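Colleague: Can you keep this structure in mind? I'll have questions shortly.
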Amino acid sequence: MTTGTRPPTAPKRSRARTFVPLGIAAWLVLEIWLLTVVAGATSGPTVLLLLAGGLVLGGYVIKRAGRRAFRNLTETFQQQQSGVAPAAAKPGSEGNALTMLGGLLLIIPGFLSDALGLLCLLPPVRKSVARFAERSLEKRMRAAAPGSFGDAFQQARIHYPDGKVVPGEVIRDDSPSPYPPEGRGQRPPLTP
């Protein structure tokens with residue numbers, strides 16, 4: 001018996017679900033190939049020493065960045081509790097996330113991941129990635145559809161000329177109010 005409706009179709013696979021496993025497999029093959037090339041050019045113990053050095057360096061980098069992030073967090077809490085507005089970020093304090101990512105890439109065994117980890121530790125790279133991420137986020141926030149989460153986030157941020165961000169809500173005068181004007185009729189109850 002037919003009902004005239006189409007059978008349900010399986011949802012399409014996203015590009016990320018298709019290409020991320022392929023990218024990880026290609027990354028692993030490339031890492032193994034690089035390890036064998038370096039081991040053939042030098043020796044096995046040299047490769048093990050390089051990998052152990054990357055592990056130690058990555059652990060040190062993550063520990064240092066974590067301590068710096070925790071120190072910044074406690075300073076901000078102390079300033080807020082004393083009633084002082086938190087100070088702007090110190091020049092060397094930004095980039096903790098990318099520093100931790102660099103440390104994690106150093107810990108992962110392989111020469112390609114070590115090279116990317118060391119690249120993440122360079123200050124010019126961290127600054128350019130931070131600028132790119134900020135521009136990308138701002139672009140997505142501007143393109144957010146009305147009523148979406150991004151639109152709500154954008155409305156909650158009001159920038160003052162001195163750079164301070166004050167949380168708030170935008171109320172437009174051109175939209176009709178659901179409440180009658182003062183002194184005319186009754187207002188709806190506050191509880192549902």
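Colleague: If I filter region 7-14 for residues that are in a helix (DSSP H, G or I) and of a type in the set (A, V, I, L, M, F, W, C), do I get at least one hit?
Modeller: No: zero hits.
Colleague: Shifting gears a bit: Being in contact (Cβ under 8 Å) with a residue 60 or more places away in the chain, part of a helix (DSSP H, G or I) and not polar (S, T, N, Q) is the filter here, so list the residues in region 112-137 that pass it.
Modeller: Scanning region 112-137 gives L112, D114, G117.
Colleague: Which of the following residues is under 21 Å from the mean Cα position of the chain (by Cα) and loosely packed, with under 12 Cβ neighbours inside 10 Å: G44, G40, G23, G58?
Modeller: Criteria check complete, one pass: G23.
Colleague: Please find, within region 1-15, the residue that is nearest to D114 (Cα to Cα) out of those that are within 29 Å of the chain's Cα centre (by Cα) and open to solvent by 60 Å² or more (accessible area, probe 1.4 Å).
Modeller: Once the filter is applied, the top-ranked residue is R15.
The values are calculated or read from the model by the stated rules, or taken from the named source; none is laboratory data. Predicted model, so just to flag it, every value in this text is computed and none were measured. With ideal geometry, Cβ positions are generated from the backbone for all residues, glycine too; neighbour counts draw on all protein chains shown. Please note that ligands, DNA and RNA were not included when accessible areas were found on the heavy atoms of the full protein model with its side chains. Shrake-Rupley method; radii C 1.70, N 1.55, O 1.52, S 1.80 Å.
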